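**Q** The structure under discussion is supplied below as structure tokens; questions concerning it will follow.
The values are calculated or read from the model by the stated rules, or taken from the named source; none is laboratory data. Here the structure is a predicted model, which is why all the values come from computation and not from measurement. Reconstructed Cβ throughout: ideal geometry from the backbone, glycine too, with neighbour counts over all protein chains shown. Heavy atoms of the whole protein, side chains included, go into the accessibility calculation; ligands, DNA and RNA do not. Shrake-Rupley method; radii C 1.70, N 1.55, O 1.52, S 1.80 Å.
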Amino acid sequence: MTQEKSQVDESAVADSASQTSGAPHSSDCSSSLSLSFSSSSTSSASASGQSLFDIPSSDLAFDEAGASGSAITKELRRLKRALRALSACNRALAQAGGEQELLQQICDIIVQLGGYRMAFIAYAEQDEEKSVSPMAHAGDVDGYLEAIALKWSDTPAGQGPVGTAIRENVIRVVVDTAHDPVFAPWREAALQRGYAAVIALPLRVAGSPFGVLAIYSGQAGSFESSEVELLTEMANNLAYGVTAIHSQEEGKRATAALREAESKYRQLVEQVPAISYVAEAGVQGLFLYLSPQVNTILGYRPEDCLSDPCFWWNHLNPEDHAVALLEDSWEENRPFQVEYRMRRQDGGEVWLRDEAVIVRDPQTGRRLTRGVLIDITERKRAEKALRRSEENYRASEERYRTFVEQSSEGIFRMEYNPPVPCHLPIAKQIALGRKNGYLAECNDALAKMYGRASARELIGKPLADFLILNDPGTRQFMEKFIREGYQTTDQESYEMDSQGQKKIFRNTMSGVVVDGHWVRTWGITRDVTERVHLEEQLRNAQQLEAIGRLAGGVAHDFNNILSVIMGHGELLLAASAGDERARNGLEQIRRAADRAASLTQQLLAFSRKQVLQPKVLDMNEAVADVQKMLSRVIGEDIELIASLHPSLLAVKVDPGQMEQVLMNLAVNARDAMPQGGTLRMETSNLEVNEEMARDLELAAGRYVMLKVVDSGHGMDARTMSHIFEPFFTTKPMGKGTGLGLATVYGIVKQSGGGIQVKSEVGQGTTFRIYFPAAEGNASKRVEPVASGRAGGGTETILIAEDEPDLRELTRIFLEGYGYKVLAASSAEQAIHTAESFSAPIDLLLTDVIMPGMSGRQLAEKILSKRPQTRIVYMTGYTDDMVVQHKVLEPGAKLLQKPFTKADLAMKVRATLDGE
């Protein structure tokens, strides 16, 4: 059944019984009667042990005899039942042991003795809904109380007789539930249970209702005025009894609470770790009371302290006397608190907190101090330890801050908002970390790595501003970091500074994972961009050095072979005057040998092993001289522009090699501009600082810069990384040897200079070459004078050459010029020949490097015996070998292999003639 239908609210009280609505509580007569009856009944029951429900048989007979009487008889019968019920209720009140027991007995009496259909007692609740709570009931209830919702509020639910009786503090009667229109909402439930009439009597205390006694009759028209008076007396007596029981219980509770409070206070005073005291106010006041805790805290018995008038003052720490004297200025009834130290009986010292108030004794008028002394020694020790700890922490934090701020390495903390779930795939974690991460803390060193002035400019920046995730190296770095449990050591990442420049950092990082989420990362990083670039340059230099050593190693043997090929080719060519076919073949052999010799020289130039003869010169003149020849080399569709510094410093380089550098760069530019363009050569003076010197692998100082710029198709980064490698070329097969720029690189480096290249596809190429500035004036360039045929002579020449074919060829050449030749296959044999030959030896032609003894050592031994002998050195070795054997010293004559017959004749003749 729904609430609307089943929980009837007694919302309309019939006023049909208005004649009884305002009935007095009791008339004088009925009151006297009921009290007299109550008294006699109570006495009789008490004396005889009669039950509350034991009714005399005459009363029952009277009821039966009058069952068919008149209306007066019926009225008397109802009154008799009400009177019996009242009498029994009074006995129940006198014998009640408790509230609930009393309420239940009253309901039982009303139903059993009063002959009513049902009765219940309910209390008014002071809740928001003003509900009514049934406390006891008797009779034919059959779920009636559960079917209605009792309320005393001024709402439809509170308009029933129960709610109205409580709310308006009046008696409410419904004389006929079957026809009263106001009672309609509860009619069905009431008639089903035989409720024909209802009376609701308020239960009052001090004139105000606190509950209700509701009685339901099975006869319509019940509750006439006399009956109402008796029932009102019953309700008043019940209210008085309930109030008396409440008073008794409240008294018991108050007494128990007082005893409990006294006990707790005693425990508080005697068991808490504090001394309770009462003393006369003032620093010289006597203690009047001290709790036993004084023995525990100070080591004295209370009576010992009370017997000493100056106990408190004498046991104070003298340093705290000033604090104690403040007590004389304290106001009455205002709590105060001070802390001071007192001496214990064992000589120790304790800290006490004195919490007290000054009051005036109402009987004597004396000012008294009441308070407690709390031992705070441990707290003071803890505070001292805490201060020391805080000081140590601040010092440690300051040291940490100093370390972080002064560290040359970047120190940082990354936070992720929101944190990154660790269960996601690694790629997803990396993406979210880059998106959600930001720099929460860092030092200035890290900020400077990113091109910022201080850490303040960097803190709060998102990780996406730094990390370049599309770089394979960085992605591998992050994958390894996550895969290894958010830990990594000394791993490289590729990042970007505030100017957009790519940076290489080497990181050691540790991630923090909380509840399965990556929340932050701590790290230390170093900028290794320059180091990595230097390592790359070193690798390239080592690679070029290895190739150079290979080239230099084969140069000597290759030059000897070429010397033999070229020499015998010349001899055969001279002897084939009538055979044109043979002459053409020999010419091809000679040209091939010349190209091989040129290739050897380029390899030596690249490897920086060729023999240089540097001179102080003006680079402007070198550029001007080369430009005169370039018009025939680069073509008319290329515009040649020279921009030469008017006060250019001098440089010390090999003039021939300088010319080779300019020619190779010009040819390289020409090949980059097949459709024509512009070639610019510029010279300038430059002061190279320490930073620039590191990039160029040079020493800081003054330099002369040669800049060669073309407007060609340019190069990509991959091509630029290989341009100085020998035999690397982008030209088609057969169109180049790949030694042009390698030769330039070798000559510049061997001359103590540096070279840089900058190029972009479609933007042309710029070469910058740096030569150290030299002291002194540049030597004037002397135009070579064309010489005639090499002359011969009749002098005696001693040849020392360990290569038999070359030795024999040299002998044939010299004898062909008329010289007398002595040949030796070693230095030892040459010495023996010189010692055994009695005639003068005019010239020693010796190889620089020979087994057993060098050419220099051989020359010294020959000169010790024949000081008039001239010396010419032959070599196919590289520059460092020649320098090592001191054959480039002033006055020494050098013939570089491979050489021609004419080269040999001119060098020998010039040396013999003292030129």
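**Q** What list of ³J(HN,Hα) values in whole Hz, one per residue of segment 907-915 in order, does the Karplus curve 6.51 cos²θ - 1.76 cosθ + 1.60 (θ = phi - 60°) give from phi, with Gly and Pro shown as x?
**A** 5, 5, 5, 5, 5, 5, 7, x, 7
**Q** Report D for segment 441-509 in µm² per second (integer): Stokes-Einstein, Kirkwood Rh on Cα pairs, 25 °C, 0.890 mPa s.
**A** Numbers: Rh = 12.6 Å.
Calculated translational D: 195 µm²/s.
**Q** Considering only 363, 284, 310, whose Cα is most displaced toward the positive end of the charge dipole of segment 261-377, charges sitting on Cβ of Lys, Arg (+1) and Asp, Glu (-1)?
**A** Selected residue: 363.
**Q** Taking the convex hull of the alpha carbon atoms in segment 85-131, what volume per residue do you get, in Å³? Please list the in-between numbers first.
**A** On the way: hull volume 3.7 nm³, N = 47.
Convex hull volume per residue, Cα atoms: 79 Å³.
**Q** What is the log10 of I(q)/I(0) for segment 311-353, computed with the Debye formula using one identical point scatterer on each Cα and no solvent, at q = 0.25, 0.28, 0.32, 0.33 Å⁻¹?
**A** -0.90, -1.04, -1.20, -1.24
**Q** Just to confirm my numbers, what's the Cα centroid distance between segment 77-92 and segment 472-494 in Å?
**A** 99 Å
**Q** Whole number please: convex hull volume per residue of the Cα set in segment 279-427, in Å³? Write down the numbers at each step before the final one.
**A** Numbers: hull volume 39.7 nm³, N = 149.
Given the Cα convex hull of segment 279-427, per-residue volume reads 266 Å³.
**Q** Separation of segment 652-671 and segment 133-204 by C-alpha centroid, Å?
**A** Result: 125 Å between the Cα centres.
**Q** Would you work out what percent of the accessible area of segment 248-378, with all protein chains in place, is carbon or sulfur (probe 1.4 Å)?
**A** Numbers: 3980 of 7760 Å².
About 51 percent, which is the carbon plus sulfur part of the accessible surface.
**Q** Right, here's the next one. Could you name the aspartates and glutamates in cross-link range of residue 130, using Cα to Cα under 16 Å and dropping any fewer than eight places away on the same chain?
**A** Reachable aspartates and glutamates: 9, 10, 154, 168.
**Q** Next question. Greater than 21 Å separation of Cα atoms is the criterion. Which listed pairs, 615/749; 448/503; 749/907; 448/502; 503/758; 428/448, meet it?
**A** Too far apart for the 21 Å limit: 749/907; 428/448.
**Q** Then there is this: When we measure straight from the Cα of residue 820, which aspartates and glutamates land under 12 angstrom away, once same-chain ones fewer than 8 places off are left out?
**A** Within the straight-line cut-off, residue 820 pairs with 795, 842.
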